Amino acid sequence: EAIKTLIARKDFSMVYDSMNGVQGPYARRVLVDELGAPESCLMNAVPKEDFGGKDSPSHGHADPNLTYAVELVAKMGTNKTGEKVGDGAGVPDFGAAADGDADRNMILGKQWFVSPSDSLAIIAANAACIPFFEGGLKGCARSMPTSGALDLVAKKKNIPIFVVPTGWKFFGNLMDSGDERYFPGKPTYTPFLCGEESFGTGSNHVREKDGMWAVLAWLQILADRNKDESKPLVSVEEITKAHWKEFGRNYYCRYDYEGVDASQANEMMERLKAKCAELKGQEMKGMKVDTAVNFEYNDPVDGSTSSNQGINIIFTDGSRIVFRLSGTGSAGATIRLYLEKYEKPLGNLDGSQFDVVKPLAQLALEISDLPRLTGRDAPTVIT
């Protein structure tokens with residue numbers, strides 16, 4: 001009912017881009033038929049086998065990100081780096097997108113992009129207004145490469161948090177913990193919230209990421225912040241900035257180096273593993289390395305150990321550099337470089353994430369010797 005009331009407000013508008021994936025009919029049923037949104041809020045709601053094909057704005061890539069959700073990004077008044085374009089006239093107040101199979105999501109406000117890491121943290125911070133979390137969160141988790149924004153919320157609200165390798169199965173074990181059918185005698189962490197930097201968000205209502213669920217969670221938060229219709233609409237941007245003022249901001253960016261020769265990529269990772277011990281305590285560009293490890297996860301539920309999950313370099317100010325290798329097929333390997341710069345609540349919260357992390361990127365290239373070892377002088381994609 002709260003979301004229906006929000007959608008009915010004359011000063012609220014929204015759009016939802018199904019990117020010609022399977023979500024279209026479900027978006028119509030949920031948003032239009034059940035919640036009362038106008039049919040015009042639906043974008044690319046007709047499922048197509050080729051997601052629109054190579055001649056579509058997304059070139060057939062049904063990926064909910066700033067690079068491929070071209071139509072939605074333009075409609076929301078931003079560019080491919082999430083920066084504001086134009087004066088905002090006629091731009092909807094809320095926008096979201098789903099990928100081809102509808103398990104991932106992207107959240108935007110009027111001329112405002114919410115990073116997946118921030119989206120996860122903001123949902124956690126506002127869990128009390130989401131009916132599914134009535135009684136409070138009992139656990140939360142993020143993938144290791146995802147920013148530490150969730151950690152800050154969990155610490156303040158005293159919620160158990162887990163940092164797991166990339167892969168949804170690790171979240172699934174935590175959801176099943178304490179279930180007599182699977183892991184009896186273990187602590188129970190449900191209701192549970194989890195997510196990853198690659199636009200996946202979920203909870204224990206289903207053992208998989210759920211794009212529509214994340215969108216409804218955001219609409220619930222907006223509805224809760226806008227109960228008084230006589231007052232101006234509280235925007236997605238305002239909610240995000242208020243979150244940063246309370247918890248600080250985790251500037252975050254990912255560089256992907258695609259199609260790298262597998263032997264070169266493996267050599268770089270092996271060198272980094274060997275270098276971890278000597279990095280600890282070093283001063284670099286005004287920052288001090290707190291820890292540098294080849295990430296290993298000991299699953300508290302089934303007791304399994306997952307090794308070699310990426311190089312995680314953490315600085316004393318909370319900033320991070322992460323290297324992870326993804327795929328070693330015939331087309332080569334992908335080196336993913338994750339960059340995170342933490343800014344405290346009273347610090348500079350209004351910078352561009354791409355500019356703020358550039359010094360970290362330069363430092364990461366120096367530490368890894370990536371350009372020399374791979375022959376790459378620039379990433380294939382920056383997100």
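The values are calculated or read from the model by the stated rules, or taken from the named source; none is laboratory data. Remember, predicted model here, so these are calculated numbers, not experimental data. Every residue, glycine as well, gets a Cβ built from its backbone with ideal geometry; the counts of neighbours run over all protein chains shown. The area values use the complete protein model at the heavy-atom level, side chains included, leaving out ligands, DNA and RNA. Shrake-Rupley method; radii C 1.70, N 1.55, O 1.52, S 1.80 Å.
Tabulated results
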{"quantity": "Check on Asp63, touching a Leu at 6+ places or on another chain (Cβ under 8 Å) and of a type in the set (D, E, K, R)", "calculated": "no"}
{"quantity": "Per-region count, segment 164-177, residues open to solvent by 20 Å² or more (accessible area, probe 1.4 Å) and without any contact (Cβ under 8 Å) to a residue 40 or more places away in the chain", "calculated": "2"}
{"quantity": "Tabulated pairs, segment 366-383, first in contact (Cβ under 8 Å) with a residue 12 or more places away in the chain and closer than 18 Å to Arg254 by Cβ, second assigned to a helix (DSSP H, G or I) and open to solvent by 50 Å² or more (accessible area, probe 1.4 Å), C-beta under 7 angstrom, 6+ apart or interchain", "calculated": "Thr374/Gln264"}
{"quantity": "From Leu219, Leu233, residue being open to solvent by 20 Å² or more (accessible area, probe 1.4 Å), closer than 30 Å to Glu83 by Cα and not basic (Lys, Arg)", "calculated": "Leu233"}
{"quantity": "Every residue from segment 17-45 that is touching a residue at least 60 places away in the same chain (Cβ under 8 Å) and closer than 21 Å to Ala89 by Cβ", "calculated": "Asp17"}
{"quantity": "Only one of Lys10, Lys4 that is closer than 15 Å to Trp218 by Cα, more than 23 Å from the chain's Cα centre (by Cα) and modelled with pLDDT of 95 or more", "calculated": "Lys4"}
{"quantity": "Segment 4-55, subset open to solvent by 70 Å² or more (accessible area, probe 1.4 Å), assigned to a helix (DSSP H, G or I) and not hydroxyl-bearing (Ser, Thr, Tyr), residue nearest to Asp224 (Cα to Cα)", "calculated": "Lys4"}
{"quantity": "Members of segment 56-81 that are part of a helix (DSSP H, G or I) and of a type in the set (A, V, I, L, M)", "calculated": "Val70, Leu72, Val73, Ala74"}
{"quantity": "Segment 332-383, residues that are farther than 20 Å from Phe199 by Cα and among the charged types (D, E, K, R)", "calculated": "Glu343, Lys344, Asp350, Asp355, Lys358, Glu366, Asp369, Arg372, Arg376, Asp377"}
{"quantity": "Among residues of segment 239-293, those that are part of a strand (DSSP E or B) and open to solvent by 50 Å² or more (accessible area, probe 1.4 Å), counted", "calculated": "5"}
{"quantity": "Residues satisfying the stated conditions in segment 300-323, i.e. touching a residue at least 12 places away in the same chain (Cβ under 8 Å) and in a strand (DSSP E or B)", "calculated": "Ser306, Ile311, Asn312, Ile313, Ile314, Phe315, Arg320, Ile321, Val322, Phe323"}
{"quantity": "Subset of segment 115-150 [crowded, with 24+ Cβ neighbours inside 10 Å and among the β-branched types (Val, Ile, Thr)]", "calculated": "Ile122, Ile123, Thr146"}
{"quantity": "Residue check, Gly90 open to solvent by 10 Å² or more (accessible area, probe 1.4 Å) and more than 23 Å from Gly351 (Cα to Cα)", "calculated": "yes"}
{"quantity": "Index of the failed condition, Leu31 passing every other in (1) at pLDDT 95 or above; (2) within 19 Å of Phe354 (Cα to Cα)", "calculated": "(2)"}
{"quantity": "Filter result (out of contact with any Phe, Trp or Tyr (no Cβ under 8 Å at 6 or more places or on another chain) and touching a residue at least 60 places away in the same chain (Cβ under 8 Å)) within segment 64-98", "calculated": "Thr67, Lys75, Glu83, Pro92"}
{"quantity": "Subset of segment 34-66 (residues that are farther than 23 Å from Leu6 by Cα and touching a strand residue (DSSP E or B) at 6+ places or on another chain (Cβ under 7 Å))", "calculated": "Asn44, Pro64, Asn65, Leu66"}
{"quantity": "Residues satisfying the stated conditions in segment 145-160, i.e. within 16 Å of the chain's Cα centre (by Cα) and free of Cβ contacts under 8 Å to residues at least 24 places away in the same chain", "calculated": "Asp151"}
{"quantity": "Residues being open to solvent by less than 50 Å² (accessible area, probe 1.4 Å), among the small types (Gly, Ala, Ser) and farther than 24 Å from Asp317 by Cα - total across segment 330-377", "calculated": "2"}
{"quantity": "Residue, nearest to the chain's Cα centre (by Cα), within segment 191-216, restricted to residues that are open to solvent by 40 Å² or more (accessible area, probe 1.4 Å) and more than 19 Å from Thr146 (Cβ to Cβ)", "calculated": "Leu216"}
{"quantity": "Wholly within segment 82-147, strands (runs of 3 or more DSSP E) carrying at least 2 residues that are under 16 Å from Asn65 (Cα atoms)", "calculated": "94-98, 105-109, 112-114"}
